[in-house]
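These notes concern the structure reproduced below.
Nothing in this text is a laboratory measurement; each read-out follows from the coordinates by a stated rule. As the structure is a prediction and not an experimental result, all values here were calculated from the model. Backbone-built Cβ (ideal geometry, glycine too); neighbour counts: all protein chains shown.
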Amino acid sequence: MDLSDAAETHRRSPATVGNIAEHASSIEETDTASIRTRLRLWPLVRYALAVATGALFAVMLARRYGQTADVSLRTVIVAAFLSIGVVTFALGLFASPPVLMGFLVLIGISAGVVANAAFDWRVNGADHDLLPIEIVVISLFALPGTIAGLWLASLLRAPRAARLHN
């Protein structure tokens, strides 16, 4: 029996076909398990994005329109409303509870203000005596845009969810 006969016999054997079927089913189970794991982690990713959105907004607002900026209050309000509104709208399209996402954005704002204060203290030697007031002011700038973005996203999600259930 030469090499080609051995290969032909091995290819036709039922054990090989069974092994291939077992291997294919184990690949399917592995793929299904990895997809389930990814889907379980997806809410955590959304929540982390909400916190990061708030933190980036706070740092951006403090750095761009900080103490030395010579910009009108109207410009700051419009820029804050549009920037956080657009981002929370996009985030709200994929978020399940909008109230939780808004709360997480506010937590992110607090973290961003604290991070900005720590950076200023470390690099510039600046002291942020009114840190709690900074958190409140930046949260007040973010609140209208956050509410509007999440509200618009929930309006768009409601018809889509109704279509999916029908």
What is the sum of charges, Lys and Arg at +1 and Asp and Glu at -1, for the other residues whose Cβ falls under 13 Å from the Cβ of Val114? -1
Quickly work out the Ile107-to-Leu156 label distance, labels modelled 7 Å from Cα along the C-beta direction, and quote it in nm with one decimal. 2.5
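So for each of 127-133, 49-55 I average, over its residues, the number of other beta carbons within 10 Å; can you give me the resulting order with the highest mean first? Before the final figure, lay out the partial values.
Values: 127-133: 11.7, 49-55: 22.6.
Those peptides, ordered most packed to least, come out 49-55, 127-133.
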Sorting Phe103, Leu150, Leu56 by the position of each Cα along the dipole of the range 42-165 (Lys, Arg +1; Asp, Glu -1; all at Cβ), the one nearest the positive end of that ordering is Leu150
If R0 is 30 Å, what FRET efficiency do you get for Arg74 and Leu130 from their C-beta distance, rounded to 0.05? 0.85
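Given charges of +1 on the Cβ of Lys and Arg and -1 on the Cβ of Asp and Glu, with all other atoms neutral, how large is the dipole of the range 42-165 about its Cα centre, in debye to the nearest 20? Provide the component values of the computation, followed by the final result.
On the way: 8 positive and 5 negative charges, 138 e Å.
Dipole of the range 42-165, to the nearest 20 debye: 660 debye.
Take Thr75, Thr88 and order them by how many other Cβ atoms sit within 10 Å, fewest up front. Could you put the intermediate results ahead of the total?
Values: Thr75 11, Thr88 29.
Result, fewest neighbours first: Thr75, Thr88.
If I take every Cα pair under 8 Å that is 6 or more residues apart in the range 42-165, average their sequence separation and divide by the length, what percent do I get for the relative contact order?
On the way: 140 pairs, mean separation 49.1, N = 124.
For the range 42-165, the relative contact order is 40 percent.
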If you add up the charges near His128, with Lys and Arg at +1 and Asp and Glu at -1, over every other residue whose beta carbon is less than 9 angstrom from its beta carbon, what do you get? -4
